[in-house]
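Novice: I have a structure I would like to understand better, so I am pasting it below and will then ask my questions one at a time.
The values are calculated or read from the model by the stated rules, or taken from the named source; none is laboratory data. Not measured: the values here are computed from a predicted model. Reconstructed Cβ throughout: ideal geometry from the backbone, glycine too, with neighbour counts over all protein chains shown. Accessible surface areas use protein heavy atoms only, side chains included; no ligands, DNA or RNA. Shrake-Rupley method; radii C 1.70, N 1.55, O 1.52, S 1.80 Å.
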Amino acid sequence: MNFSVFKSIIFMMFLIPVTLIFGCSSAQKAAEPCDQEFKSVNINLSKYMSQENRPEQSKDIALALAISGGGHRAANFGVGIMIGLEEIGLLKEVDYISTVSGGGFAAGAYMTSLIQHVKDNKLDRNLYSFKKVIYNRDDVTFLRNLERSYTSALFWGLLNPINWFSSRDRGDVLEKKIDNRVLCYDQRGKSLLLEDVFIPVEQSGTVDTKTIVPYWIPNATIYGNGAIFPFTPDTIKDYKISEYVHRYWSEKTLSNEYKFPYALAVKASANFPIAVPATSLKCNCYINKDNDFSYLQLLDGGLTDNTGASTALQLLKKDKSKKKYLIVVDAFNGDTSPYVTEGGAPNEFATAIRIMNIGVDSNRNKIRNMIKKHNYNENNYCYFDLDSLKKSDVDKIRKAVDAIVKEYGYDDVIANPDRDPRKVNTDFACTRYEQLLLIEAGRYLVRNNKNKLLKFNQ
């Protein structure tokens, strides 16, 4: 390497962190104190154009879809459920999508491809097919982006010297990868923002109703008090969020609440403690007069509700439709038994790891009970999970994967007859075969519940 080039690189490695640390030191003091009350999910739907304005929507039905966390297992299982719903004509009826962590990757693929179709390319909504987006012989972009490893971004973020001397961290690296790939910045040339999804009610008379898409809400957990943080424009405004880091380099001042990027919301929703640092959002309010500003630190949404159902229930409660339906996609694959085989006490390391997951597992049962208390039952509620699959079901799913591989010419897929969709790890990476197993598991479960689901649209 030329020595002058080497010196330039060293200089930039020093200059950039210094700029990031000191570049924004002249900001003015916040004008008002923070509201420090614990806030339950309280999305103000009256601020947004009603979903019932979509031309293909049944006017008296509200349908919410909640997709859990669980890395690529949740992402691809969620994709399979959505393809299955599309195949029976029910996906177009979904008004609200509430996601946590990996579930946001599934919703991101659907929402981005739908927005590309109806808004960017101005194509007929009736010609859109999510199945064709995912299963496409000529373009495997979306399929590849839900299989590839995002864990590597966290690893390289640890090694990046810029992150050692600045406020940037490996989570910022991950956010850019999510923006580029899951939300298709590389194809669209722009980030997906809340304004691409949420339409202010004041614009109702000026919007082409054919471009309205379901309202998608990723969910995180507030580090300070453990409240659920649903990413909607009114929540962003309510918490007085004013600055954030987007696409690694850009420290953005939020001009209005609709300009917030979805990539940052999805990343915040996936901030599993230790693995991914908390997402820090600057807020234009102060806790006490000694503070110029305050900050929201956000962790993985699964720490409060890994299913996303809490937010989905609140959305349905606020919706004015006569008939309300809920579909929950739960990619949980942990143990449900209270017993273990070892007689000795777990070692300290195993206990520490279990502590990080035990709340997620416990909340799963609490959420299911909460759904029942909201009067959702067999007539208006469907719960999809991997637990319900039996060995005979998995054998059928493997045959379906073989058929997909043959139909779409996925010659790079290495079949593994021992793999089971229920046992895919919780990670932001998977093999193509594991991916297809999960997608086909979702389609299989929808087909098995077709008669029940079709009653939702009557």
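Novice: Provide the solvent-accessible area of residue 43, counting protein heavy atoms only and rolling a 1.4 Å probe, rounded to the nearest 10 Å².
Specialist: Accessible area of residue 43: about 0 Å².
Novice: Just how much of residue 127 is accessible, in Å², when a 1.4 Å probe is used and the result is rounded to the nearest 10?
Specialist: It works out to around 130 Å².
Novice: Check every DSSP H run in the chain and write down those whose alpha carbon atoms cover 27 angstrom or more along the long axis and whose mean Kyte-Doolittle hydropathy is -0.5 or greater. Each step should come with its number before you reach the end.
Specialist: Numbers: long enough: 3-22 (29 Å, 2.20); 348-373 (38 Å, -0.43).
Qualifying helices, which must be both long enough and hydrophobic enough, are 3-22, 348-373.
Novice: Under a crude label model (7 Å from the Cα following the beta-carbon direction), how far is residue 210 from residue 36 in nanometres?
Specialist: Result for the modelled spin labels: 5.4 nm.
Novice: Give me the compactness ratio for the stretch 99-163, meaning the Cα radius of gyration over 2.2 N^0.38 Å. Show your work: numbers first, answer last.
Specialist: On the way: Rg = 15.4 Å, N = 65, 2.2 N^0.38 = 10.7 Å.
Ratio of Rg to 2.2 N^0.38 Å for the stretch 99-163: 1.43.
Novice: Still on this structure: What net charge is computed for the residues neighbouring residue 219, neighbours being all others with C-beta under 10 Å from the C-beta of residue 219, Lys and Arg scored +1, Asp and Glu -1?
Specialist: Details: positive: none; negative: 300, 305.
Taking every other residue near residue 219 into account, the sum is -2.
Novice: How large is the dipole of the chain about the Cα centre if only Lys and Arg carry +1 and Asp and Glu carry -1, each at its Cβ, rounded to the nearest 20 debye?
Specialist: Working: 59 positive and 53 negative charges, 153 e Å.
Charge dipole, the chain, about its Cα centre: 740 debye, nearest 20.
Novice: What percent do you get for the relative contact order of the chain when only Cα pairs under 8 Å and 6+ apart count?
Specialist: Details: 805 pairs, mean separation 117.1, N = 458.
26 percent.
Novice: Taking the simple approach of a point 7 Å from Cα along Cα-to-Cβ for both residue 190 and residue 388, what is their distance in nm?
Specialist: Modelled inter-label distance: 4.0 nm.
Novice: Could you sort 393-404, 300-311, 154-165 so that the peptide with the highest average Cβ count within 10 Å comes first and the rest follow in order?
Specialist: On the way: 393-404: 16.6, 300-311: 28.2, 154-165: 14.6.
Ranked by mean Cβ neighbours within 10 Å, highest first: 300-311, 393-404, 154-165.
Novice: Sticking with this structure for a sec: Of all beta bridges DSSP finds with both residues in the chain, what is the antiparallel percent, to the nearest 5?
Specialist: Details: 19 of 40 bridges.
Restricted to the chain, the bridges split so that about 50 percent are antiparallel.
Novice: Report the rotationally averaged projected area of the stretch 130-274 based on its alpha-carbon convex hull, in square nanometres.
Specialist: Details: hull surface 43.3 nm².
Over every viewing direction, the Cα hull of the stretch 130-274 projects on average to 10.8 nm².
Novice: If 49, 370 are ordered by their accessible area, calculated over protein heavy atoms with a 1.4 Å probe, which sequence runs from highest to lowest? Intermediate results must be reported in sequence, preceding the final value.
Specialist: On the way: 49 5, 370 55 Å².
Listed by decreasing accessible area, they come as 370, 49.
Novice: Which shape class, rounded, prolate or oblate, goes with the stretch 57-126 when its Cα gyration tensor gives a ≥ b ≥ c as root eigenvalues, a/c under 1.5 marks rounded, and past that a/b bigger than b/c marks prolate?
Specialist: On the way: a/c = 1.92, a/b = 1.32, b/c = 1.45.
Taking the square roots of the gyration eigenvalues as a ≥ b ≥ c, the stretch 57-126 is oblate.
Novice: Just to be sure I understand: if I project the alpha-carbon convex hull of the stretch 288-440 onto a plane and average over all orientations, what area do I get in nm²? Don't jump to the answer; show the numbers that get you there.
Specialist: Values: hull surface 66.2 nm².
Result: a mean projected hull area of 16.5 nm².
Novice: Please name whichever of 74, 359, 245 sits farthest to the positive end of the charge dipole of the chain, dipole taken about the Cα centre and charges placed at Cβ: Lys and Arg +1, Asp and Glu -1.
Specialist: The residue sitting farthest along the positive end of the dipole is 74.
Novice: Something else about it: What is the sum of charges, Lys and Arg at +1 and Asp and Glu at -1, for the other residues whose Cβ falls under 13 Å from the Cβ of residue 393? Present the calculation step by step, with values, prior to reporting the outcome.
Specialist: Values: positive: 390, 391, 396, 398, 399, 422, 443, 447; negative: 385, 387, 395, 420, 440.
Local charge sum for residue 393: +3.
Novice: With every protein chain in place, what's the accessible area of residue 426 (1.4 Å probe, Å², nearest 10)?
Specialist: Looks like 90 Å² after rounding.
Novice: Quick check for me: using +1 on Lys/Arg Cβ and -1 on Asp/Glu Cβ, what's the dipole size of the stretch 144-227 about its Cα centre, in debye to the nearest 20? All intermediate terms of the calculation are to be shown ahead of the outcome.
Specialist: On the way: 10 positive and 10 negative charges, 76 e Å.
For this selection, approximately 360 debye.
Novice: Can you work out the FRET efficiency for the pair residue 290 and residue 361, with r the C-beta to C-beta distance and R0 = 45 Å, to the nearest 0.05? Mind showing how you got there, number by number?
Specialist: On the way: r = 40 Å, r/R0 = 0.90.
Taking R0 as 45 Å, the efficiency between residue 290 and residue 361 is 0.65.
Novice: Follow-up. Could you give the C-alpha radius of gyration of the chain expressed as a fraction of 2.2 N^0.38 Å, taking N as the number of residues it contains? Write out the running numbers ahead of the final one.
Specialist: Values: Rg = 22.3 Å, N = 458, 2.2 N^0.38 = 22.6 Å.
Cα Rg divided by the expected 2.2 N^0.38 Å: 0.99.
Novice: Another question, then. What is the percent of Cα-Cα separations in the stretch 231-319 that go past 17 Å?
Specialist: More than 17 Å apart: 56 percent of the Cα pairs in the stretch 231-319.
Novice: Let me ask another. Using the structure shown, select from 406/452; 320/452; 190/455; 131/318; 122/450; 177/323 the pairs with a Cα to Cα distance greater than 29 angstrom. Provide the component values of the computation, followed by the final result.
Specialist: Working: 406/452 31 Å; 320/452 23 Å; 190/455 39 Å; 131/318 31 Å; 122/450 32 Å; 177/323 39 Å.
In this structure, 406/452; 190/455; 131/318; 122/450; 177/323 lie more than 29 Å apart at Cα.
Novice: With the cut-off at 1.5 for a/c, could you classify the stretch 264-360 from its C-alpha gyration tensor as rounded, prolate or oblate?
Specialist: Working: a/c = 2.91, a/b = 1.17, b/c = 2.48.
Oblate is the answer for the stretch 264-360, as a/c is 1.5 or above yet b/c matches or exceeds a/b.
Novice: So, R0 is 25 Å and r is the distance between the beta-carbons of residue 399 and residue 151; what FRET efficiency does that work out to, to 0.05? Each step should come with its number before you reach the end.
Specialist: Values: r = 30 Å, r/R0 = 1.22.
It comes out at approximately 0.25.
Novice: Which distance in nm do the two modelled labels at residue 447 and residue 323 give, with both placed 7 Å along the Cα-to-Cβ direction?
Specialist: Going by the 7 Å Cα→Cβ label model, 2.6 nm.
Novice: Report the charge-dipole magnitude of the stretch 298-351 in Debye, nearest 20, computed about the Cα centre from +1 at each Lys and Arg Cβ and -1 at each Asp and Glu Cβ.
Specialist: Numbers: 6 positive and 7 negative charges, 178 e Å.
Using Cβ point charges on Lys, Arg, Asp and Glu, the stretch 298-351 gives about 860 debye.
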